Structure formats: structure tokens, C-alpha cells
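The values are calculated or read from the model by the stated rules, or taken from the named source; none is laboratory data. Everything numeric here is computed off the predicted structure, so don't read it as measured data. Positions of Cβ are backbone-derived with ideal geometry, glycine not excepted, and every protein chain shown enters the neighbour counts.
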């Protein structure tokens, strides 16, 4: 077999999610990405080998990373559609005093009963996963940028109201842009 196009390490507890019941998730990634995957269940390393289209194959490692970062397989495969991308924000670089601070940051992003995360997802049409010491986002380029900016604003202590206003303006601008394009 040829050399792998990528080796992705995922947390051990996410390996069963990557493989799926009866290997179903692994097969789905292999089919959609035109790749073959070998999972080392001892180390969490996932070897990705290209079989067909290089562009589709290049997306497969990010689908695997997304599952490793806490996304469900159903959300992770969105990376194959609509030019979606994955962004991972490591929270350790923002934390000031260990894990206690990371938990505070995660709490600000999640919000009461998940409200803040849900609002960001809805207004930007993205998916957000908060797992371990990172926050990950899946979305198209402009939506991804907006969601990441909103998350950074929260990390930096901006008020939730300010972040919601930023998101509402983004949503309004997106609607206006789509309407302008349709009248072209």
C-alpha cells in the first residue's frame, strides 16, 4: 500500500465513534472521501490512504479531526458539502490559570442551557463542538469566520449582548447579500 496522505491522532474515547456500529462511520468516510482508512485502536492514530479523487481525499482527514474534536459523524460529514471548513480554537492559549479558567471560557461559550452556542450556530449556520480544551466550528468560509469571531469575543470577555448584536448584523448582511445576488 502507498504512503498515507495523512495521519490523524484522535482521543481514544472517540475511536468507537469514528469506527461506528459495524464499521458504518468508517465506511461512510471511505466512500465519501475516496479513501481507505486504517485505525490503530491502541494509539488513536488514523491513517488515511487516497484511492480516488485527490480533492475529496484531502477532506477526509478533516472529517476524522472533526469526529475527534467531538462532532457527531452526521455533522462531521458536512465538510464534504458546500465548501465547508473546520476551525479548531485551542482554549489553553487563552486560559490564564489552568483548567479552572478553561471551564469558565467553555461556560461562556455554551451559555445557560446551551443558549449561546445554539444562537451562534443558528445565526451563522454553523456547527460548534466544545470538547476537551478546544472549541471547533464547521461552516462555509464567511459563516466560519463570523462564528470564530463571536467565540473569540466571548473568550475575551465581551458581553453576550454585544456578541448577539454582532451575530444579528452578520445574519442581516448575509440575507441582504443573498437578496442582492438574486436580483443581480
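One residue stands out among those in region 142-167 that are modelled with pLDDT under 95 and exposed (fewer than 11 other Cβ atoms within 10 Å of the Cβ): the one that is farthest from residue 78 (Cα to Cα), which is 157. Hey, any hits in region 111-128 for a residue that's on the phi > 0 side of the Ramachandran plot and part of a helix (DSSP H, G or I)? Checking region 111-128: at least one residue is on the phi > 0 side of the Ramachandran plot and part of a helix (DSSP H, G or I).
The lone criterion from (1) at pLDDT 95 or above; (2) outside the structural domain of residue 34 (by TED's automatic domain parsing); (3) in a helix (DSSP H, G or I) left unmet by residue 136 is number (3).
With respect to residue 41, is the statement that it is within 25 Å of residue 166 (Cα to Cα) and either assigned by TED's automatic domain parsing to the domain that holds residue 164 or at pLDDT below 95 (or both) true? Judged against the criteria, residue 41 is not a match. Taking region 1-21 as the range and being farther than 11 Å from residue 39 by Cβ, assigned to a loop (DSSP other than H, G, I, E, B) and under 18 Å from the mean Cα position of the chain (by Cα) as the test, only 11 passes. I'd like to check something: does region 96-117 contain any residue that is within 14 Å of the chain's Cα centre (by Cα) and surrounded by 13 or more Cβ atoms within 10 Å (Cβ to Cβ)? For region 96-117, residues within 14 Å of the chain's Cα centre (by Cα) and surrounded by 13 or more Cβ atoms within 10 Å (Cβ to Cβ): present. Quick one: in region 4-29, of everything that is over 24 Å from residue 131 (Cα atoms) and touching a residue at least 12 places away in the same chain (Cβ under 8 Å), which residue is surrounded by the fewest Cβ atoms within 10 Å (Cβ to Cβ)? Among residues in region 4-29 that are over 24 Å from residue 131 (Cα atoms) and touching a residue at least 12 places away in the same chain (Cβ under 8 Å), the one surrounded by the fewest Cβ atoms within 10 Å (Cβ to Cβ) is 5. A single member of 183, 176, 170 is closer than 30 Å to residue 65 by Cα and at pLDDT below 95, and it is 170.
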